[in-house]
């Protein structure tokens, strides 16, 4: 009971956005959040008929994954969240697998998946970002309205969140700004959301940009399946002390983009239960940008919207890049945030020992 009241006391000012100085609230100076990537929740109840062809294979894979592996992964994540006194958990898109027959069923699948994940984090607020599978029916790859409605209902009951429309919203934890971007609206709307939010929050310690789609290439097969307007968005973010946090690729990775405008790190998180087997870790393949980009270029096809040869030269003219895969095993990440730095720990089992540790951002005045 004492722990409950202590947690409630810590969370209330954080999530209600009370404008007290960081120095006056210890819980705002140092805190921890948990990050989950693609979870692809599925349930037969929300399909009036099984999908067909390749959609059916994905449906069966996700149903099987949620029989054991995804619950095991989320149990490990929930235990780590409790041990770390996490103040917030964020799911980074593709919360569900989609492919429902109707928009109404898609909305219900998303909310059911959210509830299924939420129960692993009792007493900890959970937020979600819109992913490409979250908006897929059997008739359309872009059915935004059902998930926009679901996200609006979730955000409306989370004090301190400012909803911007579609799947975009923002919130503050103490001196830090969090922006969740909807990657399935026109680039101009995303750019306006970022510009306006940054202008409204000029004096922040760190900026955390949450997106399902990466902004820096992180997928060997689809390196340019990126957030619409990613170049202009990065140009705005690099002027602030920003960390991009994304999902989508199903492979955990770290990247840094360096330009004359600044340095911009990106952390990609995966929590796909399909590779959750703590006894059989799946090693990373790429330790540097050269190996990653060389392999990606080898798969490029002229005219491909996500990976064509003509896309690479403009990308590398804009800056230089660092890239490293963290693991190909399913897992989750914990972010430690304090005045000196932002550090990420990536976990692929329940041992409490991280598979990777990354120093991502430095605080002002830190060495």
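Side notes on the structure shown:
- Applying 1/(1 + (r/R0)^6) with r as the Cβ-Cβ distance of residue 316 and residue 153 and R0 = 45 angstrom yields a FRET efficiency of 0.60.
- Value of relative contact order over the range 31-362, rounded to a whole percent, pairs C-alpha under 8 Å and six or more apart: 17
- Rounded FRET efficiency, nearest 0.05, which uses the C-beta distance separating residue 351 from residue 294 and R0 of 41 Å: 0.75
- Compactness of the range 136-259 as Cα Rg over 2.2 N^0.38 Å, two decimals: 1.07
- Residue order, fewest to most beta carbons within 10 Å, for 138, 270, 158: 158, 138, 270
- Label-to-label distance, residue 359 versus residue 201, with points set 7 angstrom from Cα along the beta-carbon direction: 2.5 nm.
- Extension gain from residue 101 to residue 305, taking 0.36 nm per residue of separation minus the Cα-Cα distance: 70.7 nm
- Every helix of 4 or more DSSP H residues in the chain counts as -39500 (n - 2.57), and over all residues that averages to -9500 deg cm²/dmol at 222 nm.
- Antiparallel %, DSSP beta bridges [both residues in the chain], to 5: 65
- Spacing of the modelled spin labels on residue 259 and residue 60, each 7 Å from Cα toward Cβ, amounts to 4.6 nm.
- Cα-projected label distance for residue 82 with residue 282, points at 7 Å along beta-carbon direction, nm: 2.9
- Taking 208, 141 and counting other C-beta atoms within 10 Å, the order from fewest to most: 141, 208
- Label zone at residue 145 (point 7 Å along Cα-to-Cβ), backbone N below 17 Å, the range 178-202: 185
- Distance between the range 281-339 and the range 50-75 - C-alpha centres, whole angstrom: 26
Any read-out appearing in this document is the output of simple, stated calculations on the displayed coordinates, not a laboratory observation. Computed from a predicted model, the values in this text were never measured in an experiment. Quick reminder, even Gly has a Cβ in these numbers, built from the backbone with ideal geometry, and neighbours come from all protein chains shown.
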